[in-house]
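These notes concern the structure reproduced below.
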Amino acid sequence: MTQIHKVLLADSLVDGPFSGAPTTAVYLGEPLERFKMASLAAEFGTLETVYIYPHSKSFLLRFFTPTTELKIGINACQAAAHIIYELGIRPPSEPLVFLTQDGEITARLDGGAVISMEMDQESVTPLDEARTEACGRLVGIPPGRIQWGFLTQGNLAVVAVEDRETLKRLSPDVSELFRAEVNGVAATALSRQAGDCDYYLRSFRPREGQTEEHVSGSVNRSLAPRWADILRKTSLSARQLSRRGGLVRMELSEGGRMAIKGRARIILRADMNLESVTGARPF
């Protein structure tokens, strides 16, 4: 017996042609075992693959990199919303409720190809000076060039540097990052260019199969609130300084909620045939 699944390849959180995060979204016609989801994510080779399975009026989402499963992937949530709207599973006027291992996300079209994803902000733990400097060394930040740092709930160290040029010159030590006590290091800097964005970002997570993220949607759950406090504003934008680049817009609201917004571009649509496995475990 063959089960057909719908597959979409999209560039998420784009900032022009050939930008954003290439993300694979798979709409499942039946539950799929974890080992198959992990194996297919490695086969696809994109930094994130999301599997979507309908559950009552909402959708269950599972996120994989080529090497591991993630609790959540914001880029992948955007791709998931696009495949659901593209397939006509839900009308463009209807919000989508995503159930993830890291909470509930509501996604909706916010004009054109913009997807707005509403979620809880992520709380953080401040890093002392010694740990901040140690994390900075993992990505090549010279001593004394870090302004502040914190640790996310996902054990990602986030550090702020003085300027955009320092951020562009980062050179991560991948082998040291694999052995580090943190799951990766993201670095950020305030934008001083009028009309560009509010802050810049780079993110290195080789332990999760992402030596450098093209665009870091998830990091902004914890980083945007910190910059919002510093800049005294609730509407922010962040530009990723990776090779491909990307642009993320955020709106912070009361009650610890926020919306992450961005555009996506669909690259490929396909049907995938997989043989069903008798006694498949639940999604």
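The values are calculated or read from the model by the stated rules, or taken from the named source; none is laboratory data. The structure displayed is predicted, hence computed values, not measured ones. Cβ: placed from backbone, ideal geometry, glycine included. Neighbour counts: every protein chain shown.
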Inset, instruction - Tally the residues that are acidic (Asp, Glu) and either outside any loop (DSSP other than H, G, I, E, B) or modelled with pLDDT of 95 or more (or both), restricting the search to region 213-239. - result: 1
Legend entry - Only listed residue being farther than 24 Å from Gln153 by Cα and either of a type in the set (Asp, Glu) or crowded, with 20+ Cβ neighbours inside 10 Å (or both), chosen from Leu70, Leu32, Leu127: Leu32
Legend entry - Where Arg62 falls short, out of the listed (1) basic (Lys, Arg); (2) touching a Ser or Thr at 6+ places or on another chain (Cβ under 6 Å); (3) buried (at least 22 other Cβ atoms within 10 Å of the Cβ): (2)
Inset, instruction - Mind telling me which of the residues Ala79, Ala41 ends up being among the aliphatic types (A, V, I, L, M), touching a residue at least 40 places away in the same chain (Cβ under 8 Å) and surrounded by 20 or more Cβ atoms within 10 Å (Cβ to Cβ)? - result: Ala79
Inset, instruction - Output yes when any residue across region 168-185 is touching a residue at least 60 places away in the same chain (Cβ under 8 Å) and either more than 20 Å from Val219 (Cβ to Cβ) or of a type in the set (A, V, I, L, M, F, W, C) (or both), and no when none is. - result: no
Legend entry - So Leu177, is it in contact with a Ser or Thr (Cβ under 8 Å, 6 or more places away or on another chain), under 21 Å from Arg131 (Cβ atoms) and aliphatic (A, V, I, L, M): no
Inset, instruction - State all residues of region 240-265 that are at pLDDT 90 or above, in contact with an Asp or Glu (Cβ under 7 Å, 6 or more places away or on another chain) and assigned to a strand (DSSP E or B); if no residue qualifies, say none. - result: Gly246, Leu247, Arg257, Met258, Ala259, Lys261
Inset, instruction - Please go through region 1-27 and pick out each residue that is out of contact with any helix residue (DSSP H, G or I) (no Cβ under 9 Å at 6 or more places or on another chain), part of a loop (DSSP other than H, G, I, E, B) and not β-branched (Val, Ile, Thr). - result: Met1, Asp15, Gly16, Pro17, Phe18, Ser19
Legend entry - Considering residues of region 24-38 that are in contact (Cβ under 8 Å) with a residue 60 or more places away in the chain and of a type outside the set (A, V, I, L, M, F, W, C) only, the residue farthest from Pro54 (Cα to Cα): Lys36
Legend entry - Evaluation of Pro92 against (1) assigned by TED's automatic domain parsing to the domain that holds Ser253; (2) part of a loop (DSSP other than H, G, I, E, B); (3) touching a strand residue (DSSP E or B) at 6+ places or on another chain (Cβ under 7 Å) (one fails), failing number: (1)
Legend entry - Per-region count, region 47-58, residues closer than 19 Å to His5 by Cα and crowded, with 22+ Cβ neighbours inside 10 Å: 5
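Which strands (runs of 3 or more DSSP E) does region 135-197 wholly contain that include 3 or more residues that are modelled with pLDDT of 95 or more and of a type in the set (Gly, Ala, Ser)?
185-190
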Inset, instruction - Sort out which residues of region 74-89 are of a type in the set (Gly, Ala, Ser) and assigned to a loop (DSSP other than H, G, I, E, B), and write them in order of number. - result: Gly88
Legend entry - Out of Glu69, Glu104, Glu165, Glu133, sole residue that is farther than 25 Å from Ala21 by Cα and free of Cβ contacts under 8 Å to residues at least 60 places away in the same chain: Glu133
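Matching residues to (1) assigned to a strand (DSSP E or B); (2) closer than 18 Å to Val50 by Cα; (3) at pLDDT 95 or above:
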{"residue": "Pro66", "(1), (2), (3)": "no, yes, no"}
{"residue": "Ile72", "(1), (2), (3)": "no, yes, no"}
{"residue": "Phe98", "(1), (2), (3)": "yes, yes, yes"}
{"residue": "Ala107", "(1), (2), (3)": "yes, yes, yes"}
{"residue": "Thr125", "(1), (2), (3)": "yes, no, yes"}
